[in-house]
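Only one structure is covered here, and it is reproduced in the block below.
We did not get these values from a lab; they are worked out from the coordinates using the rules stated. Quick caveat, the model's predicted, so the values are computed rather than measured. Backbone-built Cβ (ideal geometry, glycine too); neighbour counts: all protein chains shown.
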Amino acid sequence: MITLKEITEDNFDICVKLEVNETQKNFVANNTRSLAHAWLYNDYAHPFAIYNDNEMVGFIMFHVDKDKKKCFLWRLMVDKNHQGKGYGKEALSKAIEHFRKTLNPNEIGTGVVPGNEYAEKLYKSLGFVFTGEIDDGEHVMALKFNNL
């Protein structure tokens, strides 16, 4: 069962050792860099370890602007030894559910590096669509909610 847990002193070392496949390294920052960003931008960065039962299998981080009620998927990675099992999709689904309950945003955005077909397929399967925007070389996708 996939769960999202806080990054703590107890699981930090495991998190920074997780890696994607060599062919994916151009698509996502390593977890050491991601956690450094979380520390620098701690007012709005929300990092989580992805666990399958008691084993850490990945990492996910959101940028959250509570005042504007906006979320942005900043990082998502599943360790190379745990890919292809649906963990990324389930983790992202749980994160979306969490932020819908706690923040009720109008949308959740993310960026896709051109050529990252796996990420694009994953996001589309959850309802994300391209917005036409490009941010820092990434194509922006959004999952919009009807919050009336």
Residues F27, F12 arranged by fewest to most Cβ contacts within 10 Å: F12, F27
Under 12 Å from the Cβ of Q24, count the other residues' Cβ atoms, weight Lys and Arg +1, Asp and Glu -1, and hand me the total. -2
Exposure proxy check on L92, L122, L40: fewest-to-most Cβ neighbours within 10 Å is L40, L122, L92
Charge context of H139, other residues only, Cβ under 14 angstrom, K/R +1, D/E -1: -4
Ranked from fewest to most other Cβ atoms within 10 Å of their own Cβ, Y118, Y41, Y87 fall in the order Y41, Y118, Y87
By how many nm would the segment from Y118 to N21 grow when fully extended, if each residue of separation counts as 0.36 nm and the alpha-carbon distance is taken off? 33.7 nm
Would you mind getting me the FRET efficiency between F130 and D67? Use the beta-carbon distance for r and R0 = 30 Å, nearest 0.05. 0.70
Global geometry of segment 2-144, whether rounded, prolate or oblate, following the gyration tensor of its Cα atoms and the 1.5 cut on a/c: rounded
